Amino acid sequence: MSSTTPTPTQHRRNGGDLVVESLAALGADTVFGLPGQHALGVFDALRRSALRYVGLRVENNAGFAADAYARTTHGVAPLLVSTGPGALMTLAALQEAAAGSAAVLAIGSQVPLAGIGGGRHGYLHELTDQSASFRGVVKSVHTARTASQIPSAVAAAWESALSIPHGPVWLEIPQDVLLAEADVPPVAGLEARPRELPPRPELIAAAADRLTEARRPVILAGGGVVRAGAEAELLALAERLRAPVATTFGGKGAFPWEHPLSLRSWMEDRYTTAFLEDADTLLVVGSGLGELSSNYHTFRPLGRVVQIEADLGKLESNHAALGIHADARAALAALVKEVGEREAGPDGDEDAPGPKEAGAAGSGAGDAPSPEAAVSDLLARVRDRIAGQHLDLEQQVLASVRDALPDGAVSCWDMTILAYWAWSAFDPRRTNALHSAQGAGGLGYGFPAALGVAVADPARPVLAVSGDGGAMYSIAELATARQYDLPVTWLIVDDGGYGILREYMTDAFGAATATELTRPDFVALAESFGVPALRTTPEQLRTDLAAALAAPGPSVVVLPAHLRMFAPTHLDS
């Protein structure tokens, strides 16, 4: 062996070491990923660092796990992958992270430096412009072309991911740069200063005036409230204004479910849409009023809208408003200080919110119900509408899941019929406790996301919910759950196909095509990974699921059932 060839005990620090040193210096303690040939330099460096590595079996699933870890911790989740196919496999997960404002720092390798720029040298995994694949998905794209550039590039990417609004970023480093000797001291004093986004004072003053003067103020809270950790500020403002609060699907948990002012999350309901429309001032916080939050764009506000949104592209993108480009927490805290307090009169509240067609008793202003009564009336109308559709099985199953899940536990939901019920009807019982893929809408999110939550907080059980179709996207991660002994219980609702697509196609065309699936024996398959599993019934679900959640380590519960969705209301608008 040549005297210049390093032995394992003579390791010379290289670009890979600079990556892991930079991550540690910025505060990371966990990274997710999957190794590949061009990325071996950084993966080798992991064994010389204190970073905890969690390896998944598919890059897309690793991205989902990182997404949920970032949502759970409100921090940055590093994701390490390789070039070409490995990098491209993360795109669906990064799209979800972008939609959900999850700060995923994806670090991918590249072909050797000489191959960057489209020279077509024929390197393995070579793309003409790999970074171009990410520009329309992530917040920012970064490249390090020398070892000395790596710490600053990592810090810039970290800063971008954690600047408000949070979101995923992409950093790529060529293979030879990762392997190049680093002739610099170990990284220690690295800083990233994420950009804050305070509201402009004149906008807060104008919004406070409108809310204080409003006779029927209502608040719609979106995912931006949860991501900002602004739940306390939202509660304080709602109680000060005595304003009813609805939460979008992404905003679930932002406001207490059982609060007298809680309209809950029935966003796909015409009664709720009318209630929001009739507000003379509607405060929208952390939502762009997109398709799902506007009952498929049937929402037509009759009064004035005030919108607080950290994502500039979503500000007034669907409805004219007094637009406040700001972090939800900072803006709500400022409003709490500025707005005047509303009090109930001795005989009710003549300034109460609530649509006249949805429960106001009497026609005179003096007969208007209180805000709390208007909320109660709306929820009763929603219950009656659902009760008239003979959906007892679906409500029984959802109630069993809620009863089985401990109050402090987090649930992660795939794109499946039971999840669509959960978006509207499930009480998460604490903030930041329900995660789903409703932002981008890709299959396969639930189980790997639950693994990411369990990595962040291994002391609590985590529930994942999938259909049989979605489960097949992430079945390989049973090996991950077993390898790291993560306390995730996976509920698989097995209806033999893509159930919601079956409903959509049957309703639209009279028959379904390409929705029926051959699937494995999920119980036997889970057990082959060493994961305890059982098959249950709707009647036994509560007991079986509670037992699985209480047991240590991973488990699988399979529920054969054909569930249906409640009837939509937007088609009648």
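The values are calculated or read from the model by the stated rules, or taken from the named source; none is laboratory data. As the structure is a prediction and not an experimental result, all values here were calculated from the model. Counting neighbours? That spans all protein chains shown, and the Cβs are built from the backbone with ideal geometry, glycine included. These area figures cover heavy atoms from the full protein model, side chains too; ligands, DNA and RNA do not enter into them. Shrake-Rupley method; radii C 1.70, N 1.55, O 1.52, S 1.80 Å.
Okay, here's what the table says:
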read-out: Electrostatic dipole magnitude of the chain [Cβ: Lys, Arg +1; Asp, Glu -1; Cα centre; debye, to 20]; value: 1100 debye
read-out: Gyration tensor verdict on the range 116-168 (Cα atoms; rounded if a/c is under 1.5, prolate if a/b is larger than b/c, oblate otherwise); value: oblate
read-out: Whole-percent pair-distance distribution, where bins are 10 Å wide, for the alpha carbons of the range 416-468; value: 22, 57, 21
read-out: Derived scalar couplings ³J(HN,Hα) [the range 40-54; Karplus, 6.51 cos²θ - 1.76 cosθ + 1.60; whole Hz; x for Gly, Pro]; value: 4, x, 6, 5, 4, 5, 4, 6, 9, 10, 8, 5, 8, 9, 10
read-out: Under Karplus coefficients 6.51, -1.76 and 1.60, residue-wise ³J(HN,Hα) of the range 135-141 in Hz, glycine/proline x; value: 5, x, 10, 9, 5, 7, 10
read-out: Mean separation of Cα contacts under 8 Å, 6 or more apart, over the residue count of the chain: relative contact order %; value: 12 percent
read-out: Cβ crowding within 10 Å averaged over residues, with 429-439, 297-307 ranked highest first; value: 429-439, 297-307
read-out: Whole-Hz couplings from phi, Karplus 6.51/-1.76/1.60, listed for the range 164-172; x for Gly and Pro; value: 6, x, 4, x, x, 9, 10, 10, 10
read-out: Local electrostatic count, residue 535, Cβ distance below 11 Å [Lys/Arg +1, Asp/Glu -1]; value: -3
read-out: Eligible aspartates and glutamates near residue 139 by straight Cα distance, threshold 18 Å, same-chain separation 8 or greater; value: 67, 96, 129, 159, 172, 196, 309, 311, 327
read-out: For the range 98-254, with +1 on Lys and Arg beta carbons and -1 on Asp and Glu, the positive-most of 192, 247, 128 along the dipole; value: 247
read-out: Per residue value of the accessible surface for the chain (all protein chains in place, 1.4 Å probe), Å²; value: 39 Å²
read-out: Accessible-area composition of the chain, carbon plus sulfur, in percent [1.4 Å probe]; value: 52 percent
read-out: Packing-based ranking, highest mean first, of 483-490, 101-108 given that Cβ atoms within 10 Å are counted; value: 101-108, 483-490
read-out: Among 555-565, 205-215, 190-200, 223-233, the order from most to least packed when residues are scored by Cβ within 10 Å on average; value: 223-233, 555-565, 205-215, 190-200
read-out: Residue-count net charge about residue 109 - beta-carbon cut-off 14 Å; Lys, Arg +1, Asp, Glu -1; value: -4
read-out: Nearest 10 degrees, 0 to 90: helix 371-387 Cα axis against the chain principal axis; value: 80 degrees
read-out: Estimated 222 nm signal from helices in the chain, with DSSP H stretches of n ≥ 4 weighted -39500 (n - 2.57), rounded to 500; value: -10500 deg cm²/dmol
read-out: Rounded, prolate or oblate (a/c below 1.5 giving rounded, otherwise prolate when a/b exceeds b/c) for the range 35-125 by Cα gyration tensor; value: oblate
read-out: Cα-based convex hull, the chain, per residue volume (Å³, whole number); value: 167 Å³
read-out: Residue-count net charge about residue 56 - beta-carbon cut-off 13 Å; Lys, Arg +1, Asp, Glu -1; value: -1
